[in-house]
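Taking it in order: structure first as structure tokens, then the write-up.
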Amino acid sequence: MCGGGTGARGRAIRRVALRVLLRRAPERDEGAVDVEEEEGALPGTGHGRTELAPFAAGIGAILPAIFEEVAEEVDEGTFSGEGNPLTSAASTMAHVVHHSEAYGIDAGIMRAAEGIARQAIGLGHGADGLHRVVQLLGRKRDE
């Protein structure tokens with residue numbers, strides 16, 4: 001399997017990779033210069049585009065394995081939320097929406113994703129993984 005495989009081993013590899021990426025990610029100091037004051041900074045970060053690009057590449061490198069595992073789980077009808085249950089994902093989405101809007105960034109897409117996650121939670125799937133929403137996306141409103 002690509003990038004670590006599926007199941008517990010694949011999830012463990014991805015958790016380690018994410019921890020490494022997060023440890024290496026630049027932190028924004030409380031006194032970071034606002035975007036208007038630092039030319040070339042990404043909105044709300046206080047960091048330049050070239051400084052953050054390697055972290056985006058690292059995240060991109062682990063995505064194929066994640067997509068492969070999620071596709072297998074959807075095909076099998078399993079929706080593990082072991083590493084990140086839907087309730088946690090929805091909470092994170094709400095946090096992203098709040099902070100995006102605080103910096104004047106349109107959060108419409110994330111707000112829509114949060115809405116469908118909360119719909120799945122309302123249907124009793126809060127302990128499942130985010131990929132549980134696949135079942136909701138294919139439904140008609142009257143189902």
Of the residues in the stretch 94-143, those that are in a loop (DSSP other than H, G, I, E, B) and hydroxyl-bearing (Ser, Thr, Tyr) number 1
Taking the stretch 117-131 and keeping residues at negative phi and open to solvent by 40 Å² or more (accessible area, probe 1.4 Å) leaves ARG118, GLN119, ILE121, GLY122, LEU123, HIS125, ALA127, LEU130
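The values are calculated or read from the model by the stated rules, or taken from the named source; none is laboratory data. All values reported here derive from a predicted model rather than from experimental measurement. In case anyone asks, the SASA skips ligands and DNA or RNA and just uses the protein heavy atoms, side chains included. Shrake-Rupley method; radii C 1.70, N 1.55, O 1.52, S 1.80 Å.
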